[in-house]
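Below is one structure, written out as structure tokens; comments come after it.
Values in this text are rule-based calculations from the coordinates and carry no lab data. Only a predicted model underlies this, so the values are computations on that prediction, with no experimental measurement involved. Glycine also receives a Cβ, built like all others from the backbone with ideal geometry; neighbour counts cover every protein chain displayed.
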Amino acid sequence: MDLQSAKNRVRELHTLLNHYNYQYYVLDQPSVPDAEYDQLMQELIGLEAKFPELNSPDSPSQRVGGGVLESFEKVEHRVPMLSLGNAFSPQDLRDFDRRIRQVVGDDFSYVCELKIDGLAVSLHYQDGVFVQGATRGDGSIGEDITANLKTIGSIPLRLKEAVSLEVRGEAFMPKRSFETLNKAKEEKGEEPFANPRNAAAGSLRQLDPKIAASRNLDVFLYGIAGAGEVGITSHSEGLNWLDSLGFKTNRERKLCPDIERVIEFVESWVEKRPNLPYEIDGIVIKVDSLGQQEELGTTAKSPRWAIAYKFPAEEVVTTLRDIELNVGRTGVITPTAILEPVRVAGTTVQRASLHNEDLIREKDIRLGDQVVVKKAGDIIPEVVNVLVERRTGMEREFVMPTHCPECESELVRFEDEVALRCINPKCPAQIREGLIHFVSRNAMNIEGLGEKVISQLFAENLIHDVADLYKLNREQLIGLERMGEKSIQKMLAAIEASKENSLEKLLFGLGIRHVGAKAAKTLAMEFETMDRLAVATSEELKAINEIGEKMADSVLTYFGMDEVTELIEELKAASVNMQYKGPKRVLAEESDSFFSGKTIVLTGKLEQLTRNEAKEKIEALGGNVAGSVSKKTDLVIAGEDAGSKLTKAEELGIEVWNEERMIEELNK
Ligand code: IVH
């Protein structure tokens, strides 16, 4: 085939594939068998390989996922991607309505839409061609995930008109795809996703677009950035225009003349919600007229013309079969409810932490009880309460044991703690949990080496401490369950790669009492090497702002142990990095900012910056942001509705500023 005929055929294939794609993904009306679509796609990929000059960024072949990226570029949003205020009751909605009427009078209408539970995306089209897609990020700067978004069938690569615009919408994973994905993950011994939202976000955050391509993601578009500029006068008109351009919008929207009709719509969806093929977490209510939207304006974070009605977390009833006791890394005994498996908020739940004995007593939880279960924050399963009226008399009270379920040594309860602890340092459960902690994401982040594999390695006596991980070899691993050649290679590579981690990851991974991820970072930044930290004195440690007496003592005790010295020597021998590699601390003398060297506490609601933004700015100037007010605090920044921290600052006579004063100083 010559170039000219190839060019014609490629053009034809684009049209055909785009058309079939639209019918399948946007209209949900497949018009050709999958095999035929695949064949045309293969033909296109073949032609593009033969004639590379015919490749184009809007080619349907992009949907299968191109090359792996090194990182995501940052994208600045021209129009900020705001979030929405929340309503939790009809009363909240009536209050919202009153605020609107105070500004625009009585003549207006609302559009109600489903609030899709996924992640916000922004899509840029230039002359009808999809050129860039980004995540929301912090609202002003997101990440360029164009390659991943191109793999979503319902995102048109070319529009039906050659217009330039930016559309906003929600990318999500349908319930069925989520279930299939989690099942496959579990079969491979991997950690399943907690909900479809995390699964969608996790898929779009992968640098290899082939992963996103395999995940069956979908999208609903719900808005146009700068809609007024493209000659549209209402939100509903905008949605209809998006439909005509070939975008996928959600059909379940409704124009409502007043708030009572809105409330009816909201209530109707409480029941219908479980039947949808995707998750929603509420209803979004928007003032329809763009003119009135503009009149109402926005606050720093959200528009005044829209609100999200949030459904209450789903609650289900199930039976408490048993209470299991787990020994944590620090010896704390945690009771866990073993439940009759039940579906709640998208996943099957069969365990829920009961935290401690006091909670079991407080809620009067008994074995065999009917209990109400929900997912707190839609992620962590929790026993809400017991249905006492359903008791049959067969339920049994739970008795906490006096000895460790794993090593049988006697349990102790320290004076100021609610938890029972096993204090045997050789307790196998504690060692195993310590190993699991060492490989976890915020610690050494060794992928492929999860809880299950560690437990197996430990049970088989292949590892006794964290240094043993660096002595593992292929022969030892090959005999383990579900361990193929490929996963072994990956795991060994991940172990190898972890040797290069910066010091704070190792420090956190070692599990020194009271040293969390943040403190580990502070210590690593301050002392820079393990050897320097190991010989730090109590005074040196306590001189650091965030390190208190308790933590300093714990660090001293830790490095005072001979076993620790030996362990560190072993890790060094295995070439595990012992140096801090992160950004240098801004030394007080290097910054002449007012904030330099000072400890600052932020409290209350800030209007112009988020807490995190303020914190980053202060830290960049050499200041230190702490979580609570103490004698060491130099300054408190109090936003709106500041509470107990402000009172404490006043009691201690600490200087207090408002947000404006802080911004003035930050900008100096
Ligand atoms: S409108 C300026 N409409 O909910 C208003 N948002 O906090 C922009 N969401 O992150 C949002 N479905 O991604 C709107 N039909 C819908 C939505 C929706 C889901 C998400 C959105 C945003 C969050 C609001």
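General remarks:
- Förster radius 25 Å - calculated FRET efficiency between K188 and A313 (Cβ-Cβ, nearest 0.05): 0.25
- Label-to-label distance, nm, for residues given as V270 and F559 (7 Å Cα→Cβ offset): 5.8
- In loop segments of the stretch 489-551 as defined by DSSP, the trypsin sites (Lys or Arg not before Pro) with at most 15 further C-beta atoms inside 10 Å of their C-beta are K499, R513.
- Under Stokes-Einstein, with the Kirkwood radius over Cα pairs as Rh, the value for the stretch 12-94 at 20 °C and 1.002 mPa s is 128 µm²/s.
- Between the stretch 620-650 and the stretch 237-256, the alpha-carbon center distance in angstrom: 47
- Here the residues I423, I654, I637, ranked from fewest to most Cβ neighbours within 10 Å of their Cβ, fall in the order I423, I654, I637.
- Using the Cβ-Cβ distance between E43 and D2 with R0 set to 25 Å, the FRET efficiency works out to roughly 0.95.
- By the rule of a second cysteine Cβ within less than 4.7 angstrom, the chain holds isolated cysteines at C112, C256.
- Calculated mean residue ellipticity, 222 nm, the chain: -10500 deg cm²/dmol, from DSSP H runs (n ≥ 4) at -39500 (n - 2.57) each, averaged per residue and rounded to 500.
- Rg/Rh for the stretch 220-348 stands at 1.16; both radii use Cα atoms, and Rh follows the Kirkwood definition.
- For the stretch 217-285: rounded, prolate or oblate by the Cα gyration tensor [a/c cutoff 1.5]: oblate
- Sorted ascending by nearby beta carbons within 10 Å, beginning with the fewest, W657, W305, W269 become W657, W269, W305.
- Using θ = phi - 60° and Karplus 6.51 cos²θ - 1.76 cosθ + 1.60, couplings along the stretch 373-389 (whole Hz; Gly, Pro as x): 10, 9, 9, 5, x, 6, 10, 9, x, 9, 8, 7, 6, 9, 8, 4, 5
- Set K150/K490; K248/K272; K150/K499 screened for pairs whose C-alpha atoms are more than 31 Å apart: K150/K499
- Expressed in units of 2.2 N^0.38 Å, where N is the residue count, the Cα radius of gyration of the stretch 520-601 is 1.25.
- Extension gain, D127 to E179, is 14.9 nm, computed as 0.36 nm per intervening residue step minus the present C-alpha separation.
- Relative contact order for the chain, counting Cα pairs under 8 Å that sit 6 or more residues apart, in percent: 9
- Backbone geometry of the stretch 557-568 corresponds, through the Karplus equation with coefficients 6.51, -1.76 and 1.60 at θ = phi - 60°, to 3J(HN,Hα) couplings of 4, 4, 6, x, 8, 4, 4, 5, 4, 4, 4, 5 Hz, x marking Gly and Pro.
- Applying the criteria of a DSSP loop state and at most 13 other Cβ atoms within 10 Å to the GluC sites (Glu not before Pro) of the stretch 405-479 yields E408, E415, E417, E460.
- Value of relative contact order over the stretch 514-657, rounded to a whole percent, pairs C-alpha under 8 Å and six or more apart: 20
- Each label point was placed 7 Å from the Cα along the Cα-to-Cβ direction; for E640 and E613 their separation is 1.5 nm.
- Trypsin sites (Lys or Arg not before Pro) lying in DSSP loop within the stretch 47-130, provided at most 15 other Cβ fall within 10 Å: R78
- Projected area, mean over directions - the chain, Cα convex hull, nm²: 36.7
- Under a 5 Å amide H cut-off, with hydrogens placed 1.01 Å from N, I224 pairs with R168 among residues at least 5 apart or on other chains.
- Residue exposure proxy: S289, S268, S644, ordered by other Cβ atoms within 10 angstrom of their Cβ from fewest to most, comes out as S644, S268, S289.
- With Cα atoms defining each centre, the stretch 52-127 and the stretch 512-571 are spaced 46 Å apart in the structure.
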